[in-house]
Every structure is written in C-alpha cells, then in structure tokens.
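For reference, the structure is listed below as structure tokens.
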Amino acid sequence: MNDLHAGIGYWRVSYLMGVRDIRQRYARSRIGQFWLTLSTGIMVGALGFVWSGLWKVSVGELLPFVAISIVVWNLISGTLSEAAAIFPATGSMFLNQGMSFSTAIYGLIWKNVLIFLHNLPIIALTMIVFWIPVRLDVLLVIPGMILVLLTLAWASYVIGIACLRFRDLTQLVQSALLIAFFVTPVMWKPAQMGAEKAYLLSFNPFAAMLSVIRKPLLGEMPTAQEWILATAIALGGFLVALPLVGYCRRRIIYWI
C-alpha cells in the first residue's frame with residue numbers, strides 16, 4: 001500500500017509518461033492523435049458490417065454493440081499487453097533515481113485511458129446514428145469503469161512483475177489475450193451461445209468487465225451475477241495481489 005500511495009505522489013511523472021508515448025507515436029503527423037479515433041472507427045465499421053452478415057443480424061443491432069465492445073476491449077487488452085514489458089521499457093528511469101514502481105503502472109493506465117477517451121466519439125456517433133436512447137441507467141458506467149480500472153491496476157502490476165522475472169511469460173500473455181478476444185463476447189452477443197452454454201461466460205472475467213460498461217450504454221441493466229463477478233475480480237484480485245507486490249517490489253530493481 002505504501003508503494004501504491006507513493007506512486008500517486010509522482011502523478012506528474014505518470015501523466016508525462018502516458019502523454020509522451022502517444023505524442024512520440026504520432027509526431028509530425030497532420031492528424032496527430034486523432035489517428036487513434038480514425039483507425040478504430042474504420043475497424044469498427046468494417047467488422048460491424050462484415051460480422052452482421054455472418055451472424056445474420058441487422059447492422060443497427062450489432063454495430064453499436066461491436067463499437068462499445070472494441071473500444072472497451074482495446075482499453076483492457078492494450079493495458080495488459082503493454083504491462084508485460086512496462087518495467088524493462090521504463091527501467092532506465094528507475095535505475096537513475098529512487099521512485100515508486102507503481103508510477104510506471106499509473107502512467108501505463110493513463111496512456112490507455114487517453115486512448116479510450118479518443119475513441120469515445122465512435123461510441124457516441126453509433127448511438128446517435130442508430131437511435132439508442134440515453135437513459136438514467138447510463139450512470140452505471142461510472143462504477144463499472146472504476147471496477148475495470150482497479151482491475152487493470154493490480155493485474156498490470158502482477159503481470160509486469162511476473163514478466164520481468166520470467167521474460168518468456170511475455171509471449172504467453174500476448175497469446176492469452178488473443179485467445180481471450182475470440183472467446184469473449186466482443187464480436188458476438190452472449191445470446192448467440194445458446195442457453196445450454198451460457199454458463200461458460202461465468203468463468204470469463206473479461207465478459208463481466210465488458211458487460212458492466214457496455215450494457216448501461218446500450219440501455220440495459222447488468223445482471224447481479226455480472227456485478228458480483230466484476231467486483232470480486234477488482235477487489236478480491238487487489239487484495240490477493242498486495243502481498244505479491246509487497247514481496248517483490250524491493251527485488252524489481254535487480255531484475256531490471
């Protein structure tokens with residue numbers, strides 16, 4: 001807890017780390033960071049139209065679902081994927097000065113939150129085009145986002161430590177996220193699994209994380225089971241991760 005609290009004190013460094021990566025990626029570009037929005041919008045449109053034909057579902061029904069799913073999935077998978085290499089990538093900074101290692105985790109999350117904010121207009125546009133009403137239930141997105149960010153914080157720290165100590169795990173994380181993309185309802189709706197196999201989603205933590213954000217935006221109410229699972233992952237995982245972080249944080253500098 002002291003390490004996580006100390007990292008908050010370096011919030012300016014975390015902010016600059018997140019902004020720097022995006023600026024460097026699109027340096028001297030005419031459109032700049034809005035390439036993030038443009039590329040994601042093209043992917044959402046292409047996949048939405050293609051998969052609506054494959055699943056025999058109307059575009060107006062599937063495209064908003066796909067748009068929200070992809071934008072939220074990019075936040076989750078982008079953070080966890082980069083967490084595997086976060087400490088080797090920022091190691092020189094910690095070798096030069098004493099600083100909490102959670103600073104790098106906060107910077108990573110801030111970077112992906114910025115990308116998420118760049119992609120929010122895609123969600124807004126699809127909701128306007130396909131006349132999805134905005135109800136009071138949309139406020140449930142706030143606690144859903146808090147649960148997702150808390151999960152990303154402890155999971156990124158654990159993944160970063162594990163992949164720093166055992167470098168081969170980096171490839172395993174990338175492969176696991178790729179598999180998770182296809183078995184998680186991102187491009188397909190949970191109802192398409194059928195009632196006899198719907199229970200499988202109860203074992204998929206990514207499905208619950210997506211649902212607590214996606215359903216309120218679509219005017220639906222997440223189920224109690226989805227809230228319980230998302231909360232258990234966020235709070236339970238955080239409590240389990242604390243001893244590991246406390247045990248390994250003094251060793252990270254030697255592994256770098």
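What follows is calculated from the coordinates using simple rules that are stated; it is not laboratory data. Keep in mind that what you see is a predicted model, and the values were worked out from it rather than measured. A quick note on method: Cβ atoms are made from the backbone with ideal geometry, for glycine too, and the neighbour counts reach across all protein chains shown.
For a quick check of your reading of the filter: which trypsin sites (Lys or Arg not before Pro) in the stretch 176-256 sit in a DSSP loop and have no more than 15 other Cβ atoms within 10 Å?
Counting only loop positions with at most 15 other Cβ atoms within 10 Å, the trypsin sites (Lys or Arg not before Pro) in the stretch 176-256 are Lys197, Arg250, Arg251.
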In a Gaussian network model of the chain with springs linking alpha carbons closer than 10 Å, the residue among Gly41, Gly53, Gly91 that fluctuates most is Gly53
Quotient of Cα radius of gyration and Kirkwood radius for the stretch 1-74, i.e. Rg/Rh, equals 1.21
Semi-axes in Å, largest first, for the chain (Cα gyration tensor, √(5λ)) are 32, 22, 17
Of Val113, Val212, Val240, the most mobile residue in a GNM of the chain (C-alpha springs, cutoff 10 Å) is Val240
Contact order relative to length for the stretch 76-161, counting C-alpha pairs under 8 Å separated by 6 or more residues, stands in percent at 60 percent
Share (percent) of C-alpha pair distances in the stretch 27-140 greater than 24 Å works out to 42 percent
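Looking at the chain, identify the longest residue range that excludes and avoids all GluC sites (Glu not before Pro) in DSSP loops having at most 14 other Cβ atoms within 10 Å.
Longest run free of exposed loop sites: 1-195.
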In the neighbourhood of Trp55 defined by beta carbon distances under 14 Å, the net charge of the other residues (Lys, Arg +1; Asp, Glu -1) is +1
Out of Val173, Val186, Val50, a Gaussian network model of the chain with alpha-carbon springs under 10 Å gives the largest mean-square fluctuation to Val50
Of the DSSP H helices in the chain, the ones reaching 20 Å or more along their long axis in Cα terms and averaging at least 0.0 in Kyte-Doolittle hydropathy are 34-55, 59-83, 102-129, 141-165, 169-183
To the nearest 20 debye, the chain has a Cα-centred charge dipole, built from +1 on Lys and Arg Cβ and -1 on Asp and Glu Cβ, of 660 debye
Here the gain from full extension of Ile256 to Met99, 0.36 nm per residue of separation minus their alpha-carbon distance, amounts to 55.1 nm
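From Cα pairs below 8 angstrom and at least 6 apart in sequence, can you work out the relative contact order of the stretch 2-255, rounded to a whole percent?
Values: 269 pairs, mean separation 68.4, N = 254.
In percent, rounded to a whole number, it is 27.
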